[in-house]
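Bear in mind these aren't lab numbers, they're just calculated from the coordinates by the rules spelled out. Computed from a prediction, not measured in an experiment: that's the story for all the values here. Glycine also receives a Cβ, built like all others from the backbone with ideal geometry; neighbour counts cover every protein chain displayed.
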Amino acid sequence: MLAGMVMLVAHQVLRQSANDPQIQLAEDWTDQIVSGTDANRLSLGAFIDPARSLATFGIVYDQDGNIVAGSVSAPSAMKQPDGVFDSVDAAPSKTVRYTWQPASGERYAAVLRRATFGDKSYYVLAGRNLRTVEERIQRVAWIITASWAVTVVAVLVAQNMHLAGHVLRRKK
């Protein structure tokens, strides 16, 4: 049970820390829009294929969920699932953090924030491929599982040695 709790905590720490760069980028890009920068003029980084790159990327959606700007090579494949924008609107901070898996099958750590300037509202997404984070989570899970197995074997050996000692003392 303890090993399971340690594994759960390790998983959550590693997964949540994967959001850190995106939190900063989403806040910065949102602040720029709120300050009057046109969404099409945001510097969202180099154009990348997020399925192949570990670099962060940005996508700006209009209030209807249409892509306005982005730093991904195939933005049309990066539509958001139903209900995500409603979740942002319902959140007190107008921000949601989630694991996103579009049709490509890759998994991304995503932070989505709402930005409003005048009568225009946008949703600003900062994302990053989770490939290396998920590999790290698997390694940690293996280490915890192996440590648990070694501990169980050590306890069983110690218990058997203790019982064997009792049997030998009784025979004398």
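If I go through the range 52-70 residue by residue, how many of them are out of contact with any helix residue (DSSP H, G or I) (no Cβ under 8 Å at 6 or more places or on another chain) and more than 23 Å from Gly83 (Cα to Cα)?
The total comes to 3.
Within the range 70-79, can you find the residues that are surrounded by 15 or more Cβ atoms within 10 Å (Cβ to Cβ) and outside any strand (DSSP E or B)? So that I can check it myself, show each step before the final result.
Narrowing the range 70-79 to residues surrounded by 15 or more Cβ atoms within 10 Å (Cβ to Cβ): 70-73, 75, 78-79.
Correct list: Ser71, Ser73, Pro75, Met78, Lys79.
Residues checked against (1) within 19 Å of Gln32 (Cα to Cα); (2) outside any helix (DSSP H, G or I); (3) not charged (D, E, K, R):
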site	(1), (2), (3)
Asp64	no, yes, no
Val68	yes, yes, yes
Pro81	no, yes, yes
Arg97	no, yes, no
Glu106	no, yes, no
Tyr123	yes, yes, yes
Glu135	no, no, no
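Which condition breaks for Asp119 when tested against (1) in contact with a helix residue (DSSP H, G or I) (Cβ under 7 Å, 6 or more places away or on another chain); (2) surrounded by fewer than 16 Cβ atoms within 10 Å (Cβ to Cβ)?
(1)
Identify the single condition in (1) of a type outside the set (Asp, Glu); (2) assigned to a loop (DSSP other than H, G, I, E, B); (3) surrounded by 17 or more Cβ atoms within 10 Å (Cβ to Cβ) that Ser93 does not satisfy, given that it satisfies every other one.
With respect to (1) of a type outside the set (Asp, Glu); (2) assigned to a loop (DSSP other than H, G, I, E, B); (3) surrounded by 17 or more Cβ atoms within 10 Å (Cβ to Cβ), Ser93 is out only on (3).
Would you mind telling me which numbered condition in (1) over 30 Å from Val9 (Cβ atoms); (2) in contact (Cβ under 8 Å) with a residue 60 or more places away in the chain; (3) not in a strand (DSSP E or B) Ile59 fails?
(3)
Take the residues in the range 96-116 that are touching a residue at least 60 places away in the same chain (Cβ under 8 Å) and more than 17 Å from the chain's Cα centre (by Cα); name whichever of them is surrounded by the fewest Cβ atoms within 10 Å (Cβ to Cβ). Spell out how you get there, then give the answer.
Of all residues in the range 96-116, those touching a residue at least 60 places away in the same chain (Cβ under 8 Å) come to 97, 99, 109-116.
Then drop every residue that is not more than 17 Å from the chain's Cα centre (by Cα), which leaves 114-116.
Numbers: Arg114: 21, Ala115: 23, Thr116: 13.
Step by step, filter the range 96-116, then rank; the result is Thr116.
Of everything in the range 23-44, what is buried (at least 18 other Cβ atoms within 10 Å of the Cβ) and either over 15 Å from Ala69 (Cβ atoms) or polar (S, T, N, Q) (or both)? Give them in sequence order.
Taking the range 23-44 first, the residues buried (at least 18 other Cβ atoms within 10 Å of the Cβ) are 25-26, 29-30, 32-33, 39, 42, 44.
Passing the criteria: Thr30, Gln32.
Report, ordered by the first and then the second residue, all pairs with beta carbons closer than 8 Å, sequence separation of six or more or different chains, a first member in the range 26-47 that is farther than 23 Å from Arg97 by Cβ, and a second member that is assigned to a loop (DSSP other than H, G, I, E, B) and of a type in the set (A, V, I, L, M).
Sorted first by the residue in the range 26-47, then by its partner, the pairs are Ala46/Ala55.
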